[in-house]
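The values are calculated or read from the model by the stated rules, or taken from the named source; none is laboratory data. Note that the coordinates shown come from a computational prediction; the quantities given were computed from them, not determined experimentally. Heads up: the accessible areas ignore ligands, DNA and RNA and are worked out on the full protein's heavy atoms, side chains in. Shrake-Rupley method; radii C 1.70, N 1.55, O 1.52, S 1.80 Å.
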Amino acid sequence: TGAAPLTLTQTNEYKGDTFVKQGTLIVNGSTSNVTVDSGAILTGSGDGIDTGIVGTVVNNGTVTPSDPVGVFTIKGNYLPGTAGITQIAINRDQAHSNHLFVKETAFLNNSKLKVDVVPGDTYDYEN
């Protein structure tokens, strides 16, 4: 990808892995294994039936479901590195939160979790 976002809206049937070197890759269709480099972003939405990542995601940048709400599905493992950021938006009303669904295993490996509270939410959250 480059400086402008690239959106994939269909099932991508090419062979091989996808590498996000810079910019933003939006997956609203599906693609195979993805590696996200530092400073790059992987985002998208989908229920995981016909959409999402069909394989493993290695995250050294940022992975976040599409804003403001949505489900982003990884059908394999999720492997963020120590510099990898997993960014989630929350709201007390789950219908206004987004979700990262990992079908296999999420190995968090001392990575970073960034939680954004949806504007207008007045609930007091505790960690």
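Overview of values
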quantity	calculated
Single residue of the range 1-40 satisfying the filter (open to solvent by 60 Å² or more (accessible area, probe 1.4 Å) and outside any loop (DSSP other than H, G, I, E, B)) that is nearest to Thr62 (Cα to Cα)	Phe19
Members of the range 102-124 found to be outside any strand (DSSP E or B), open to solvent by less than 90 Å² (accessible area, probe 1.4 Å) and at pLDDT below 80, listed by number	Val118, Gly120, Asp121
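To keep it simple, each residue is scored yes or no on (1) among the small types (Gly, Ala, Ser); (2) more than 11 Å from the chain's Cα centre (by Cα); (3) at pLDDT 95 or above.
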{"residue": "Val27", "(1), (2), (3)": "no, no, no"}
{"residue": "Thr31", "(1), (2), (3)": "no, yes, no"}
{"residue": "Thr43", "(1), (2), (3)": "no, no, no"}
{"residue": "Ile49", "(1), (2), (3)": "no, yes, no"}
{"residue": "Pro65", "(1), (2), (3)": "no, no, no"}
{"residue": "Gly70", "(1), (2), (3)": "yes, no, no"}
{"residue": "Ala83", "(1), (2), (3)": "yes, yes, no"}
